[in-house]
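The values are calculated or read from the model by the stated rules, or taken from the named source; none is laboratory data. Please read all numbers here as calculations on a predicted model, not as lab measurements. Note that we place each Cβ from the backbone using ideal geometry, even for glycine, and neighbour counts take in every protein chain shown.
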Amino acid sequence: MTAQTFVFFTKLVVIVLFALINESFALHLQPNKSKKTTIYYDYLPFTQAYKTQQAKSAVSAANLLLLNNISGNIDVQFRPTIRLFSELDKETEMPVCSLFKIKSNERSESYYFSLPISFLSTNRLYLRRGMAPLMPALLNDEGELKTLSSLFTNNDKVIMLWDFISYGNLIDQAIKTIPSKNKIIIQGLTSHDSLAKMIERDRTDYAIMFPSEVIEFENNLQALDLLSYRIEGVKPISTGHLMCNKNEASKAFLKTVNSKVLELYASPEFIKANTLNVTQQETALVIKAIERVTSNVSGL
């Protein structure tokens, strides 16, 4: 190899290395377009709401408003409840989240949560059609059920519960005190409508459901005309959150989401979404709950 040829190849190698370094540096500076956030949901009616961009319930309207106000590489998909949790529990560095989730102490050990997104009347105890009203001794002065376990003293009545969901801290703990023989745990495609269908078919004596779930069932199918009771100690309004797997990417994503949620709290659209098709009484409760949350996070 001549000296001239050696110099030529040396220059060529330097040029190639310089180009590779520049390309690598440029890619490092550019956002990673392949980094995707997956958001699942198991609330089946949201499929139509997301497709048409028209919600029929407050819970769908509030979550639709959020999705339309966050940007990025986001993939929204339906998953049955049991499969949804399997996706959340997979090992990954990507953010994987779920809409419509109630925050509980137990869940907070495994997942990150956003600020409240949806506000709705909380779970109530529903009785099978034809059952007598609960005995006064089981109720407090406000007509609320004192304890769930008191319903199952020396009897074979059953309560049907959905697996893999949380009813909130207080109810989750109360369910643990109910004897196993008095509980029917079900699974399926989605928790939506399942309990309403089962209690309508007399498959259970009791069920714990959101009033909005019962109303939606009645609007789509038939009136249930069921007795129901609030449960002592449970707040009148429950909040739904975005729940994500625990990794640094999810933490960063939720920081962006929470910033947007804080902006939405101050918008008329947020109040409108969370009070869509609800009673005047519930509207007042929802607005108070939103004001309370807003005042608590105003310093963030």
Do we find a residue being under 29 Å from Lys181 (Cβ atoms), touching a helix residue (DSSP H, G or I) at 6+ places or on another chain (Cβ under 9 Å) and surrounded by 20 or more Cβ atoms within 10 Å (Cβ to Cβ) anywhere in the stretch 82-99?
-> no
Taking the stretch 127-142 and the residues there that are among the aliphatic types (A, V, I, L, M) and in a loop (DSSP other than H, G, I, E, B), the one that is farthest from Asp225 (Cα to Cα) would be Met135
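Yes or no: the stretch 152-162 includes at least one residue that is in contact (Cβ under 8 Å) with a residue 60 or more places away in the chain and either closer than 27 Å to Asp42 by Cβ or within 16 Å of the chain's Cα centre (by Cα) (or both).
Taking the stretch 152-162 as the starting set, the residues that turn out to be in contact (Cβ under 8 Å) with a residue 60 or more places away in the chain are 162.
Imposing the further condition that a residue be either closer than 27 Å to Asp42 by Cβ or within 16 Å of the chain's Cα centre (by Cα) (or both) reduces the set to 162.
The answer is yes; a qualifying residue exists.
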Under the condition of being part of a helix (DSSP H, G or I) and crowded, with 19+ Cβ neighbours inside 10 Å, which residue from the stretch 197-211 is farthest from the chain's Cα centre (by Cα)?
-> Glu200
Given (1) over 18 Å from the mean Cα position of the chain (by Cα); (2) at pLDDT 95 or above, where does Lys246 come up short, assuming only one miss?
-> (1)
Could you check Phe152 against (1) crowded, with 19+ Cβ neighbours inside 10 Å; (2) of a type in the set (A, V, I, L, M, F, W, C); (3) closer than 29 Å to Asn277 by Cβ and say which number it fails?
-> (3)
Residue list for the stretch 264-275, restricted to those being assigned to a helix (DSSP H, G or I), in contact with a helix residue (DSSP H, G or I) (Cβ under 9 Å, 6 or more places away or on another chain) and either of a type in the set (Lys, Arg) or exposed (fewer than 15 other Cβ atoms within 10 Å of the Cβ) (or both) | Glu269, Lys272
Out of all the residues in the stretch 276-290, is one or more in contact with a Leu (Cβ under 8 Å, 6 or more places away or on another chain) and either surrounded by fewer than 16 Cβ atoms within 10 Å (Cβ to Cβ) or closer than 23 Å to Tyr111 by Cα (or both)?
-> no
When only residues in the stretch 37-71 that are assigned to a loop (DSSP other than H, G, I, E, B) and either of a type in the set (A, V, I, L, M) or at pLDDT 90 or above (or both) count, which is surrounded by the fewest Cβ atoms within 10 Å (Cβ to Cβ)?
-> Gln53
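Yes or no: Val257 modelled with pLDDT under 95 and surrounded by 15 or more Cβ atoms within 10 Å (Cβ to Cβ)?
no
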